[in-house]
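The values are calculated or read from the model by the stated rules, or taken from the named source; none is laboratory data. Only a predicted model underlies this, so the values are computations on that prediction, with no experimental measurement involved. Cβ placement follows ideal geometry from the backbone for every residue including glycine, while neighbour counts extend to all protein chains displayed.
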Amino acid sequence: MNILAQLIVSGVVVGMIYGVIAFGYQLTFATSKTLNFGQGEALMLGALVGLTTINFLIGQQIGAFAAYLLMLPVVLAFGLMQGAVVEFLGVRQAIRTKSEAGWIMATIALGIIFKNLAENIWGRDALRFPSPLPEAALSFAGVRIQPMEICIVLGALALMIAVEIFNRRSIYGKAVVATANDRDAAGLMGINTRLVITFSYALSSMAAAFAGVLVAPVTLTGATMGAVLGLKAFAVAIIGGLSSGVGVVVGGLILGITENLTGYYISTGYKDVPGLVLLLLVLTFKPSGLFGSAAIKKV
Amino acid sequence: MKRSLFAIAILASTALTSAAFAADTIKIGLSGPFTGGSSSMGVSMRDGVKLAIAEINKAGGVLGKQLQIVERDDEAKNDVGVQIAQELINKEQVVATLGFINTGVGQASQRFYQEAEIPVINNVATGSVLTHQWPDAKANYVFRNAASDTIQSVMIAEEAVKRQGFKKPAILADSTNYGQLGQKDLTDALAKMDVKPVATEKFNIGDTDMTAQVLKAKEAGADVILTYAIGPELAQIANAMAKLGWKVPMIGSWTLSMASFIDTSGPNGDGAMMPQTFIEAPTTPKRKEFIEAYHKAYGGDRMPSPVSAAQGYDSAWLLAAAITQAKSTDGRKIKDALENLQTKVEGVVTVYDKPYSATDHEAISANIPVFGLVKGGRVVPAHPEDVAGDKAVRIKPKS
């Protein structure tokens, strides 16, 4: 019983990370029907910028926890900026020319450029990220969890709730909904849809950068850390549905937990298989995702 | 027509000038990953080689000529390694090549040296197959001065079962060739001692969560974890064990001495043990001299990978001795000289007294490596009695 609980707890932690990254996919898809395939690289850049910042702050005799908190706004601002750059360089042109695939190539290309850039700045070794919280695990009824892992779950939920509230309550949010429903009509109503899309990209990369600094203390930081996570999160976005915020959280949890359960009860060699099988099943039977509403494209 | 004649003239003149230039120095190729996950090994190996070459040149070079290193970053990628091999052979026309950190890169690149009859000394890569990739070939141009996986897996199994008396080992290996071949070697070595691993688990490069693997080993009642993987993932294993509040010894291949394992696992990695041909400790005057020269040239107080640095250094001296003996830069003659080396080469790892023969291309025998132990961010001898007194220099037995 303890083992099952332990596996589920660890799965939830990993799943929440997948969820936050997938949440970023969902943000841009809602406004522009495009995705940033460099989302994993946005996460990696966020983590590395966070690493440099936190090391600088710790060098200024600031405690690890305070340094981590002070580092967060820097990373979030960097994420916003990085997302806007991706939109400006890779997506805007494709949307204007109504290109079907241009943005795919452009965001993948930008992702590769960001990765090479990071390799040149931070090197290609995996680096240790200072943990803001004690690393000794806490034990709850035999289930062990690191304080930072609790932080990951709470932080991920907090970020997603904050963005959702912002989207639903603020005037900007109304613009997003309008743009998501009908971009042309929204434009005619005086909404600057281009700005809305830019902002959704900024938010999306901000979510990824935040996920990066959340996961960094329990893993390692490096130029290649984003590749696997970005891909897994993409699977999560498909499973959960690209139009639903709840969907990506549930999708993330499903993937994180099945990975761990398969690893333990079947074989660690097949850890990644059930997630991908699930992905295929969802694509076959409910292409809009488990929580997605079926989109009917009228031509 | 005129233009093509002109092109031929240019080609001919460049060929002449490069040949004239090449005559002044003896070019030696150097292939290793200087960036990426295995770069700590590649860079240390390169620095060790450079140190030796500088000493050789200072003492007058070889055959009255200076040695010149042509170094290329193979990025630990097989295809890049192949390109580099072709470039070094055809364009740079090296007389021999030192290097290869990654077994896969070595396997893919060596074919070209074998065909061109140019000797290669593997100074870090450990895959057992490397020195006998072409059992039917008339001559073998591939040599090694690193502890092969056959030696290492037996050492790991014996250390765990015989010396420390563990009965229930669990094997954790990554899904690469290195990890899976090592896992097979380990299982075989254990089987010879009638021990069956209680769990054999696998993980991918870049996996961030090892909970499932470590839990399985724990629930199977493992009393020791044997590893075959590289630094970052090994650190994840140590960290996952600490998280689950379970501590059993970790014994594994020499990669447990990688800086990326030691630095990223921190206190969780303390106590990990691995076979080492060289431990950064001044146990002999030669070693003391080497360690001081290394830090004087490259700074710092800890080599990123002491084993790679020492083996790199030794490989350059072995090659220089062979070229001197061959009195020629012809690949066949250098190979023959390596197989029948008359001079004793005093290296950092050991004293090489006839290290190779026509049938044996392994300079490191099973008695040479000792176990190292991670302690406070450094690798120290696990059993100080193993390196005490006259056991400090272990020499390959005469066949």
Filtering the range A:5-33 for residues that are crowded, with 23+ Cβ neighbours inside 10 Å and either of a type in the set (Val, Ile, Thr) or at positive phi (or both) leaves a count of 7
Discussion item. Can you say whether B:LEU373 is over 14 Å from B:GLU280 (Cα atoms) and in contact with a strand residue (DSSP E or B) (Cβ under 7 Å, 6 or more places away or on another chain), as far as the supplied structure shows?
Written reply: no
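For every residue, the table says whether it meets (1) assigned to a helix (DSSP H, G or I); (2) polar (S, T, N, Q); (3) modelled with pLDDT of 95 or more.
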site: B:THR126; (1), (2), (3): no, yes, no
site: B:LEU130; (1), (2), (3): yes, no, no
site: B:TRP134; (1), (2), (3): no, no, no
site: B:LYS138; (1), (2), (3): no, no, no
site: B:GLN180; (1), (2), (3): yes, yes, no
site: B:GLN183; (1), (2), (3): yes, yes, no
site: B:ASP188; (1), (2), (3): yes, no, no
site: B:ASP194; (1), (2), (3): no, no, no
With criteria (1) of a type in the set (A, V, I, L, M, F, W, C); (2) at pLDDT below 95; (3) out of contact with any Pro (no Cβ under 7 Å at 6 or more places or on another chain); (4) in a helix (DSSP H, G or I), B:VAL43 comes up short on (3)
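If you check A:GLY155 against the conditions, is it of a type outside the set (Lys, Arg) and out of contact with any Gly (no Cβ under 7 Å at 6 or more places or on another chain)?
So A:GLY155 passes the test.
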Worksheet item: If we scan the range A:78-88, do we find a residue that is among the charged types (D, E, K, R) and within 14 Å of chain B (Cβ to nearest Cβ)?
Response: no
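Restricting attention to the range B:285-309, report how many residues are of a type in the set (S, T, N, Q) and in a loop (DSSP other than H, G, I, E, B).
Counting residues in the range B:285-309 that are of a type in the set (S, T, N, Q) and in a loop (DSSP other than H, G, I, E, B) gives 1.
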| task | Kindly check whether there is at least one residue in the range B:382-395 that is part of a strand (DSSP E or B) and more than 30 Å from B:LEU88 (Cα to Cα). | result | no
**Request:** Tell me, please, whether a residue that is buried (at least 22 other Cβ atoms within 10 Å of the Cβ), under 19 Å from B:ALA160 (Cβ atoms) and either touching a residue at least 60 places away in the same chain (Cβ under 8 Å) or within 14 Å of chain A (Cβ to nearest Cβ) (or both) can be found in the range B:275-297.
**Result:** yes
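What are the residues in the range B:28-45 that are of a type outside the set (Ser, Thr, Tyr) and closer than 19 Å to B:VAL94 by Cβ, if any?
So in the range B:28-45, the residues of a type outside the set (Ser, Thr, Tyr) come out as B:28-30, B:32-34, B:36-37, B:41-43, B:45.
Hits for the range B:28-45 are B:ILE28, B:GLY29, B:LEU30, B:GLY32, B:PRO33, B:PHE34, B:GLY42, B:MET45.
Sort through A:LEU51, A:LEU43, A:LEU35 and tell me the only one that's assigned to a helix (DSSP H, G or I) and under 25 Å from A:GLY173 (Cβ atoms).
Details: A:LEU51 fails: under 25 Å from A:GLY173 (Cβ atoms); A:LEU35 fails: assigned to a helix (DSSP H, G or I).
Checking each option against the conditions leaves just A:LEU43.
A quick yes/no check of all residues on (1) within 14 Å of chain A (Cβ to nearest Cβ); (2) touching a residue at least 40 places away in the same chain (Cβ under 8 Å); (3) closer than 22 Å to B:VAL105 by Cα:
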{"residue": "B:TYR178", "(1), (2), (3)": "no, yes, yes"}
{"residue": "B:GLN183", "(1), (2), (3)": "yes, yes, yes"}
{"residue": "B:PRO197", "(1), (2), (3)": "yes, no, no"}
{"residue": "B:LYS218", "(1), (2), (3)": "yes, no, no"}
{"residue": "B:ALA229", "(1), (2), (3)": "yes, yes, yes"}
B:ALA242 vs (1) part of a helix (DSSP H, G or I); (2) within 14 Å of another protein chain (Cβ to nearest Cβ); (3) surrounded by 22 or more Cβ atoms within 10 Å (Cβ to Cβ): all pass except (3)
Across (1) modelled with pLDDT of 95 or more; (2) under 23 Å from A:LEU195 (Cβ atoms), A:THR28 clears everything bar (1)
When the range B:343-381 is checked residue by residue, the ones that are over 21 Å from B:LEU256 (Cβ atoms) and either touching a Gly at 6+ places or on another chain (Cβ under 7 Å) or in a strand (DSSP E or B) (or both) are B:VAL345, B:GLU346, B:VAL351, B:TYR352, B:GLU362
How many residues of the range B:245-264 are facing chain A (nearest Cβ under 9 Å) and either closer than 21 Å to B:SER148 by Cα or not in a loop (DSSP other than H, G, I, E, B) (or both)? The answer is 4
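Got a number for residues in the range A:127-147 being facing chain B (nearest Cβ under 9 Å) and either part of a strand (DSSP E or B) or crowded, with 16+ Cβ neighbours inside 10 Å (or both)? Working first, answer last.
Residues of the range A:127-147 that are facing chain B (nearest Cβ under 9 Å), as a first pass: A:127-128, A:135-137, A:139, A:144-146.
Filter once more, so that each one left must be either part of a strand (DSSP E or B) or crowded, with 16+ Cβ neighbours inside 10 Å (or both): A:127-128, A:135, A:137, A:139, A:144-146.
Residues that pass the stated criteria total 8.
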Answer yes or no as to whether A:VAL215 is touching a residue at least 24 places away in the same chain (Cβ under 8 Å), within 11 Å of chain B (Cβ to nearest Cβ) and either under 21 Å from B:LEU215 (Cβ atoms) or in a helix (DSSP H, G or I) (or both). yes
Checked the range B:82-104 for anything part of a helix (DSSP H, G or I), small (Gly, Ala, Ser) and modelled with pLDDT of 95 or more; matches are B:ALA85
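Each row is one residue, and each column tells you yes or no for (1) within 14 Å of another protein chain (Cβ to nearest Cβ); (2) surrounded by fewer than 16 Cβ atoms within 10 Å (Cβ to Cβ); (3) modelled with pLDDT of 90 or more.
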{"site": "A:MET225", "(1), (2), (3)": "yes, no, no"}
{"site": "A:VAL228", "(1), (2), (3)": "yes, no, no"}
{"site": "A:VAL248", "(1), (2), (3)": "no, no, no"}
{"site": "A:GLY252", "(1), (2), (3)": "yes, no, yes"}
{"site": "A:LEU283", "(1), (2), (3)": "no, yes, no"}
{"site": "A:GLY292", "(1), (2), (3)": "no, no, no"}
